[in-house]
Every structure is written in C-alpha cells, then in structure tokens.
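Some notes on the structure that comes next.
The values are calculated or read from the model by the stated rules, or taken from the named source; none is laboratory data. Predicted, not measured: the structure shown is a model, and the values here were computed from it. Note that each Cβ is placed from the backbone with ideal geometry, even for glycine, and that neighbours are counted across all protein chains shown.
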Amino acid sequence: MKGKQLTKKDKKLQTNNLVNDIPLTQLYSKADADTKLSYFLMGFSNIKNKQILKGLFFLISEIGFIYWFFSWGIKSLIGLVTLGTKKAGEIYDSKLGVYVSRPGDNSLLFLLFGLSAVMLIGIGIYLYRINLKSARKIYQLKAEGKKLPTLKDDWNELLNDRLYLLFMAIPIIGILFFTVLPIVYTMSVAFTNYDHSHLPPGHLFKWIGLSNFGNIIAGPMAKTFLPVLGWTLIWAVLATVSNFILGIMLAMLINTKGIKGDKVYRTIFILTMAIPQFISFLVWANMLNDAGIINRVLENWGVISGPIHFLTDGMTAKMTVLVVNLWVGMPATMLVTTGILQNLSADQIEAAQIDGANKFQIFKNITFPQILFVMAPSLIQQFIGNINNFNVIFLLTGGGPTNSNFYRAGDTDLLVTWLYQLTLNSQDYSLASVIGIIIFIFTATFSLLMFKKVNKLQGVNG
Amino acid sequence: MKKNKLHAIITSQVILTILAFIWVLPIIFVILQSFRAEGGQFVSYFFPKHWTLDNYKYLFTNKDGWNYGQWFLNTLFVSVISGIISTFLSIGVAYSLSRLQFKLKGFYLKFALIVGMFPGFLSMISIYYILKALNLTNSLWALVLMYSYGAALGFYVQKGFFDTIPQSLDERAQIDGASRWQIFTKITLPIAKPIIVYTALGAFTGPWMDFIFAKVVLGNNQSKWTVAVGLFTMVSSKENANSLFMSFAAGSVLIAIPITILFIWLQRFFVEGVTAGSVKG
C-alpha cells in the first residue's frame, strides 16, 4: 500500500523534477548507492562525484562529531541531567590507607557543557541534513543528465544567490554562543538551587523545579521583590515621560521665533550627551554628596542649615535620580524633536492660525501628534531601556540608601541593580536568574504588544 | 500684542540661559577640579585656590598602579578591533536583511527583535560565567568578543539606510550581468559610506563609554583595565576617592575631549537613527 503511494509520487516527481525535490525521508529508498552511502558516510556522494573539498568537509565534520560525541558528548548530556554527583572533599583511599582529597564535580561546568552539547548536536543534525541535500542535488542533476557544479560554480553561487550565507553565517554562530546560550543558561539556572550555599566546585547544585519562582513571588523574597518591582515600574514611567515632555518643551523653547543664539544653546545641550555616563553620573554624585559642593555652597549662603540628603534619604534619593536622569535624557529628546519641528509643514499651521486656533490648540492638535507619531517606537525603547537603566542608579546612589526591610537591596535599587548585587556580591545566582526571566518576559511582552500597536498606527506591515 | 511677544522672548531667553548654565555646570566643574592643587574629594568652592597640572602628570607617572597610559592603549586596542569586527558584521547582516532574499529572513528579524530584548546586562553576567568556565576572563580578547557579538543584533539603523537605496539600481546591474557580490561592492558600498562611518565610529566609541561590562570581565587585573574601569575604580572606594578625585577628573577630561568631538560629528546620524531606524518587527 505504502509502496504504491510512493511510486505515484515518484512519477510526479520525475515529471517536474525542477520544482520538487524528493523528500529526505524518501530519498534513501529511491536514490542510487552513492546517495545511500551518504546517509552513513557524510560527503561520500560529493567525493565520488569530484566535489572533493565539499565532501571532505562533510566527512571530517562527521568524524569530528562522532569522536566528540563518544568522548565528551554523552558525558556532557548525562552531566546536564545530574549536574554532578561527586562532592569535593576527602575520600578514603584503601590502597594507600589514608584519606586523600578529590576535586569533585563542578555543577556549573556540567550545566554549561551540557547546554553546549545540546547545541552542538543541533549543529551536527543541521550539517547532516545539508549533506543529504547536497547528495540529493547530485543525484537529481545526474538523473537529468546535467553537469554537476564544480567548486568554482559553488563559489560563484556563494557570491551571488547565496551571498546571505557569507554574510550571516558568522553572526549567527556568534548569536548562538553569545546570546542564545547565555539566555538558555540563565533560564536553566533559575530552576536550580545555585546560590551562596551551593557554590561549585566545593558544593553541588541541582535541579529544584519552580520553587525559586515561588520564593520570589509569594515566599520570603516577595518582601523585597514586590517593592523593588514597584519602584522599577514607577521609575521607568516617570523617567520616560518626564524626559519626553520636558525634552519637547526644551526644543520648543529653543525653537521660539526671535531667540538669540539658538545654535549655541543646542550645542551646549548636545555636549552633555557626548560625555560618557560613568563620568557625568560620578561627577553629579560628587556634587550632590552630603559633603559635596552643592550642599556646602548652599550652607555658606545660609539657605540651609544642614545638608540636604540628596542621595542618602530614600525619598529624596528617588527624586534626585529622576532629576539627574533628566540632565542626561532631555537633550536626546530635544535633538530629535527639533528635527521634527523644523520639518513640520508651515501650511498646516498657518491654515490653523487663519481658522483662529491659538498656540496651545495648534500644539495639541498638530505639533504634538506629529512628534508622538515619529517618536513612539523610540519611546517604547526608552521605557524598556529605563527598566534596565543600570548606570544611573549604580553610579549615583549604588542602589542606596540601604533598606533594612529588603534582602540586599536599597531604596533606589531597580530590579537590574538588585540583580547585580545578587550575582556579583551575594552570589545568589538562582534568585538573580528568576528576576532576569521576569524582566525579560515583562519587557518582551510589553514591547511586542506596543510595537504591534504602533506599527498598526503608522501603517507599517508588522 | 507686540509687547507680549517681546516679553515671551525675554522669558524664554532667561529660562534657556539658566538651563544651559545647569547643563554646563558639571562639565565646567570637572574641568576645574582637574586643575585643583589642594586635595580632598569635596570642596566648598567652585574655582580652585591653587592651579596645577600635577593631576594630569600623576596619571602617567604614578607608581600606585593607576596606569592610565596602559589603560588608554588597552581601550584603543579593544575599540579598534571590536570596531572593525562589528562594522563588518553589522553591515553584512543589515545588507542581507535589507537586500537579499532567503528563507529564514522573516524568522531572523522576529528572533532578533525578541532576543534583543533580553537585557544585555543579564547576558553579560552569563557570558561572564561562560568565559570564566573557559578560563577566558581577564583578557582583552574576551572583551573584544563581548563588544563584537552584539553587532549581529544591532542592524536596525543600517538596515534602514539600505532600505532607502532604490531597488532599481540593483536590478539594472543585474540585467547587465553583475553578481550580488559585485552589486554589493561596486554599487551599494560606495553609496553606504556615511552609514559605514557611523557604524564604525559607534562601535569604536563603545569601549570608551562602557565600564560595567569591562569591569565584570576584566576583574582585578589592573594592567588589563580599560580607561573607564580604571577611572571608575579610582573613585569607587572611599579611601582612594579622597586623594584621587582630581586625577579622576583629569583622566575624564582627557577621554571626554576626543569622544565629544566624534560625537558632535556624528549627531546628525543619531537623529536619523532614532527616527528612521525604529524597530519594525
């Protein structure tokens, strides 16, 4: 029964061979011996048909893969499941009759190598498929009595129809190992108990399922997580909106007709964008310190009697970071808005003026919608950027002042700076990973939804 | 009516002047501090009582391990190499995504959009542990890798630029028998010069501005630090900050000058980047 169906399809394939390739699942039963051998010896068909270099590449990758798989791969895969079984420590050596120390397993490396092994297997399967496709091409071309492509032909194709391969191959490998692997790794750690009391190589950590998530959302960590999450959201909204509104106002101020030296003003504001953030924030932190110049000058003038705790009082510090953030962010909005303002059609505004609209109405109904329209995507990006705004908090307050109700967090800590403390100072990696995943899910969902909305508004096909 | 208008202009002018003053204040402050002879992290006056160049000299001659010259060379090395690599990568990726047809293009665009939202900071921490597991931390090459890999995801501005080059140019060349590669090198690249300069300089300035990636990767090995890590460390501990703040200011001024010049040159691209390079999934 099955055989009959195949032959039917086979006939169809033969009639329009150019369009339809034989599916790889059926290729084996149909093709000639060379192709069949390619299923076991990758590149066999290529070598036999004088595509030596290509064939050797396939063959060598197969040999390399098999060697790796049996010497490392299986071990790595088992390691990924167990995350290590041998604890480091003393063990009794019966031959010597004494206790000797043994190194033990490193759960961290087991996890990393295990994940890399899964990726390498994926790459192996991909190469295997390419090998089969290549063998199929040879078989089909031969069946049609056509010439097989030489190395030179392949090279020319790479520079023409397959140019994308040349351009994309290295970046994609880079993304696999420097983006996908870290993401998968971070996500995996969230399901383990990798923290300061389970540090490899001295100790092992293991898979513990969802309990970290429970701990953060409803357990003891919630007391820190929820307030920090709340402040992160408040901060992101306020920082984005204030930069946007005040940036527009600044641009309009500079664009006022009759203002002298508008270019000078613009240059001054733009200058501040050029200064590396670690410099400008550290200088601000110095100036705003309890003993810093601003407090001292105000004291000397008799305006205040004691220092204002710009960075050391919870509530004040929150306002300070918002205000200092304006110093960095407003010029960027100003720069872009100026571009938009100068491209606004004068006709439309004149028409509105003739109809008796006042300045505020013109702004509300013509100027502002235009600005919003152009800047919507960058506003979304800014919002996401602010949720992850590490520099401003870390450099200005360091997350402080410390809040004794929180676990290793201060009043101005955002999720991302808290995460920094958790990983680099207290080594609570699993907690940090859970927070990371939560940030990622939130920002990804939010921006995908918003971009969809914006694209619809702007009439772009998503 | 006219009087009102004049009033408005004067008010705007005054507000702008005050704002401009607030904006330049920290800049002038840090420049003045770099020339201050009397010690201490905090002062109660704006202008130094005694002026000196010692803070600058200290950066290059001190024996306390604050090896500014070495940091400068390190940063230059990292930024040149990662600048070259990222430019090649992102121009290639952007061109492919804008001009070439292939099966996984749509998938890649969506994938890059989502993966790009994974906080870079988080990836950094995991990359750090990957590098550490492979014994690659404390090396400038690790930093080069870290700065370059992101290029494959940062192609939006460049893609936006390629999108604006008319397709008819390509088609005409194709009729004349040019291959894709020839079209890319002979037609597209010469037009794309501005965006190449933009990409290269953007990638070049990154390592001068970033301190946190470098700090995490390079750890305590002072001879491998970049300028940013070094300067940050000079003032991050309380014991050092008191004596080193003026030298920190001097070091900041030294790197801020070239970056500012580059930036002012680049700012027109910045506007185009925000307005034209907006993410479209």
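Table for the structure above
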| quantity | calculated |
| --- | --- |
| Qualifying residue in the stretch B:48-63 (condition: among the hydroxyl-bearing types (Ser, Thr, Tyr), away from chain A (no Cβ under 11 Å), closer than 26 Å to residue A:329 by Cα and touching a residue at least 12 places away in the same chain (Cβ under 8 Å)) | no |
| Some residue of the stretch A:101-109 being in contact with a Pro (Cβ under 9 Å, 6 or more places away or on another chain), acidic (Asp, Glu) and surrounded by 15 or more Cβ atoms within 10 Å (Cβ to Cβ) | yes |
| Unmet requirement for residue B:75, which otherwise passes all of (1) facing chain A (nearest Cβ under 10 Å); (2) in contact with a Pro (Cβ under 8 Å, 6 or more places away or on another chain); (3) β-branched (Val, Ile, Thr) | (1) |
| Subset of the stretch B:32-43 [surrounded by 15 or more Cβ atoms within 10 Å (Cβ to Cβ) and either under 26 Å from the mean Cα position of the chain (by Cα) or not aromatic (Phe, Trp, Tyr) (or both)] | B:32, B:33, B:34, B:36, B:41, B:43 |
| Within the stretch A:295-318, tally of residues that are surrounded by fewer than 19 Cβ atoms within 10 Å (Cβ to Cβ) and either outside any loop (DSSP other than H, G, I, E, B) or touching a Lys or Arg at 6+ places or on another chain (Cβ under 7 Å) (or both) | 9 |
| In the stretch A:268-308, the residues that are more than 34 Å from the chain's Cα centre (by Cα) and within 24 Å of residue A:386 (Cα to Cα) | A:287, A:289 |
| Some residue of the stretch A:257-269 being at the interface with chain B (Cβ under 10 Å from one of its Cβ atoms), under 15 Å from residue B:26 (Cβ atoms) and modelled with pLDDT of 85 or more | yes |
| Odd one out for residue A:258 among (1) in a helix (DSSP H, G or I); (2) assigned by TED's automatic domain parsing to the domain that holds residue A:393 | (1) |
| The lone exception for residue B:96 - which of (1) on the phi < 0 side of the Ramachandran plot; (2) more than 20 Å from the chain's Cα centre (by Cα); (3) more than 10 Å from every other protein chain (Cβ to nearest Cβ) it fails | (3) |
| Residue satisfying condition, being at negative phi and surrounded by fewer than 21 Cβ atoms within 10 Å (Cβ to Cβ), within set B:182, B:158 | B:182 |
| Residue in the stretch B:100-141 that is surrounded by the most Cβ atoms within 10 Å (Cβ to Cβ), counting only those that are within 7 Å of another protein chain (Cβ to nearest Cβ) and over 19 Å from residue A:422 (Cα atoms) | B:117 |
| Failed item, numbered, when residue B:28 is tested on (1) touching a helix residue (DSSP H, G or I) at 6+ places or on another chain (Cβ under 7 Å); (2) more than 18 Å from residue B:229 (Cα to Cα); (3) more than 10 Å from chain A (Cβ to nearest Cβ) | (1) |
| Residue among A:314, A:356 that is over 28 Å from residue A:267 (Cα atoms), in contact (Cβ under 8 Å) with a residue 24 or more places away in the chain and in the same structural domain as residue A:403 (by TED's automatic domain parsing) | A:314 |
| Helices (runs of 4 or more DSSP H) lying entirely in the stretch A:356-462 (those with 3 or more residues that are more than 8 Å from chain B (Cβ to nearest Cβ) and within 22 Å of residue B:211 (Cβ to Cβ)) | A:368-387, A:390-396, A:415-420 |
| Cβ-Cβ under 7 Å pairs, at least 6 apart or on other chains, the stretch A:294-306 side facing chain B (nearest Cβ under 10 Å), far side of a type in the set (Gly, Ala, Ser) and assigned to a loop (DSSP other than H, G, I, E, B) | A:296/B:44; A:297/B:44; A:300/B:44 |
| Sole exception among (1) surrounded by fewer than 19 Cβ atoms within 10 Å (Cβ to Cβ); (2) free of Cβ contacts under 8 Å to residues at least 24 places away in the same chain for residue B:70, by number | (2) |
| Residue A:80 being at pLDDT below 90, of a type outside the set (Phe, Trp, Tyr), more than 18 Å from residue A:176 (Cβ to Cβ) and under 29 Å from the mean Cα position of the chain (by Cα) | no |
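Listed here are the residues, each with its yes/no results for (1) assigned to a strand (DSSP E or B); (2) modelled with pLDDT under 85; (3) away from chain B (no Cβ under 14 Å); (4) over 22 Å from residue A:21 (Cβ atoms).
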| site | (1), (2), (3), (4) |
| --- | --- |
| A:95 | no, yes, yes, yes |
| A:118 | no, no, yes, yes |
| A:154 | no, yes, no, no |
| A:174 | no, yes, no, yes |
| A:180 | no, no, no, yes |
